[in-house]
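J.: Here you go, one structure.
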Amino acid sequence: LTDTYELNNGTQIPIVGFGTWQTPDGQVAYDSVLAALKAGYRHIDTAAAYGNEESVGKAIADSGVARKDLFVTTKLWNADHGYDQTKAALATSLEKLGLDYVDLYLIHWPNPAAMRDSWEQLNADTWRAMEELYAERKVRAIGVSNFRPKHLDALLKTAKVIPAVNQIFLNPSDLEPEIVAYNDAHDILSEAYSPLGTGKIFDVPALQTMAQKYDKSVAQVVLRWSLQHGFLPLPKSVHADRIAQNTEIFDFELSADDMTTIDGLRGVAGLANDPDTVNF
Ligand code: A2P
């Protein structure tokens, strides 16, 4: 869990992160982040929109893990796009987290419903603010989330700093080859949120068979698949046993054939996360 990928700005990022989307604020978020840090995770992924930054920050503070040994990501919410708003939003997130910097700050969505006609300019202004926050070392790397190639193309027209990360919905049911290829071509790391398909891929027979073959759980097989693709999976759980189980993915390797089989499951759980149709 302390193995790292190197981002395009030289920053090291632990190759598995702990996801907190859909983790309720308060005791649940606090306990699960603390359990994750005890289990050895050193990379925590949150967002202003998850509403749990305070509990996440409290767990970090109480864990005793040194700040320099941790990698913390948060994200700019849809209502906060724009130059001034971005700076204010980061300040609020840092205050809630109880931190004086985050390791990675992401634009959460490229084109929320309220900015369907103005997203290009708004993202350019937002990015300029993020570049300044990066220069001031309030964030150690900057990136995006849910961006498709057209959104990245637009951003790169004015960007001085290439995004280090594009965090997308990426799991066996939603292999996004076009986005991943674009990320790879620009040296942008593909982070996988909902790497377990939000829990909806556990019943897929091909995955169950494979889990038996490797004497692993479906979750472990799928996380391994994500790693072998070079993605950075961000599994979420609120159960200490599962949180720990999801780290035990370094003692086996999927064969090339099995990787291909999983790649072929695209669409199997009917999931999809298209930024042009999300309605918030
Ligand atoms: P829970 O939080 O109740 O443990 P994703 O990371 O794709 O969003 O998936 C998260 C979902 O998968 C949650 O519903 C979580 O439930 C469940 N989950 C996470 N890890 C495991 C595991 N190892 N075994 C079974 N379910 C898991």
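J.: Fewest to most neighbouring Cβ within 10 Å: what's the order for LYS200, LYS213, LYS58, LYS75?
T.: Working: LYS200 15, LYS213 12, LYS58 18, LYS75 27.
By the 10 Å Cβ count, ascending: LYS213, LYS200, LYS58, LYS75.
J.: Using the number of other C-beta atoms within 10 angstrom as an exposure proxy, rank ILE44, ILE13 with the fewest first. Could the numbers behind the result be given before it?
T.: Values: ILE44 28, ILE13 22.
Fewest to most other Cβ atoms nearby, the residues stand as ILE13, ILE44.
J.: Further question: Using the charge dipole of the chain (Lys, Arg: +1 at Cβ; Asp, Glu: -1 at Cβ; taken about the Cα centre), state which of ALA181, GLY10, LEU37 has its Cα farthest towards the positive end.
T.: Farthest towards the positive pole: LEU37.
J.: Between the DSSP loop rule and a limit of at most 15 other Cβ atoms within 10 Å, which chymotrypsin sites (Phe, Trp or Tyr not before Pro) in segment 137-243 are left? Spell out each step's value before the answer.
T.: Working: sites: PHE147, PHE169, TYR182, TYR193, PHE202, TYR214, TRP225, PHE231; in loops: PHE147, PHE202, PHE231.
Answer in residue order: PHE202.
J.: Filter the GluC sites (Glu not before Pro) in segment 125-188 to those in DSSP coil with at most 15 other Cβ atoms within 10 Å of their Cβ, and list the result. Don't skip to the answer; put the middle values down first.
T.: Numbers: sites: GLU131, GLU132, GLU136, GLU178; in loops: GLU136.
Of the GluC sites (Glu not before Pro), the ones in loops of segment 125-188 whose Cβ has at most 15 other Cβ atoms within 10 Å are GLU136.
J.: Evaluate E = 1/(1 + (r/R0)^6) for ASP203 and GLU132, where r is the Cβ-Cβ distance and R0 equals 35 Å; express this FRET efficiency to the nearest 0.05.
T.: On the way: r = 47 Å, r/R0 = 1.34.
The computed FRET efficiency comes out at 0.15.
J.: Related question: For the pair GLN212/GLN22, report the inter-label distance in nm, with labels modelled 7 Å from Cα in the Cβ direction.
T.: Distance between the two pseudo-spin positions: 2.7 nm.
J.: For the pair VAL278 and ILE162, how long in nm is the line joining their label points, each one 7 Å along Cα→Cβ?
T.: So the label points at VAL278 and ILE162 sit 2.5 nm apart.
J.: In a shell of Cβ-Cβ distance under 12 Å around TYR30, excluding TYR30 itself, what net charge do Lys and Arg (+1) and Asp and Glu (-1) give?
T.: -4
J.: What is the local net charge at GLY98, summed over the other residues whose Cβ is closer than 13 Å to its Cβ (Lys, Arg +1; Asp, Glu -1)? Walk me through the numbers on the way to the answer.
T.: On the way: positive: LYS58, ARG67, LYS96; negative: GLU53, GLU54, ASP62, GLU95, ASP100.
Net charge around GLY98: -2.
J.: Grab the other residues whose beta carbon is less than 13 angstrom from that of ASP69, score K and R as +1, D and E as -1, and report the net.
T.: Numbers: positive: ARG42, ARG67, LYS68; negative: ASP103.
Taking every other residue near ASP69 into account, the sum is +2.
J.: Also: Once the Cα atoms of helix 119-135 and of the chain are each reduced to a long axis, what angle between those two axes, in degrees from 0 to 90 to the nearest 10, is obtained?
T.: Rounded to the nearest ten degrees, it is 90.
J.: Within the set LYS150/LYS200; LYS75/LYS157; LYS38/LYS96; LYS68/LYS138, which residue pairs have Cα atoms separated by over 25 Å? Walk me through the intermediate numbers first.
T.: Working: LYS150/LYS200 29 Å; LYS75/LYS157 22 Å; LYS38/LYS96 22 Å; LYS68/LYS138 14 Å.
As for pairs spanning more than 25 Å Cα to Cα, those are LYS150/LYS200.
J.: Where nothing but the Cβ of Lys and Arg (+1) and of Asp and Glu (-1) is charged, how large is the charge dipole of segment 157-280 around its Cα centre, in debye to the nearest 20?
T.: For segment 157-280, the charge dipole is close to 280 debye.
J.: Follow-up. Which part of segment 168-184 falls in the paramagnetic zone of ASP153, meaning amide N under 18 Å from the point 7 Å along Cα-to-beta-carbon?
T.: Only 177-184 pass the distance filter.
Rule-based calculations on the coordinates, nothing more; no lab input. As the structure is a prediction and not an experimental result, all values here were calculated from the model. Because the Cβ atoms are built from the backbone with ideal geometry, glycine has one as well, and the counts that use them run over all protein chains shown.
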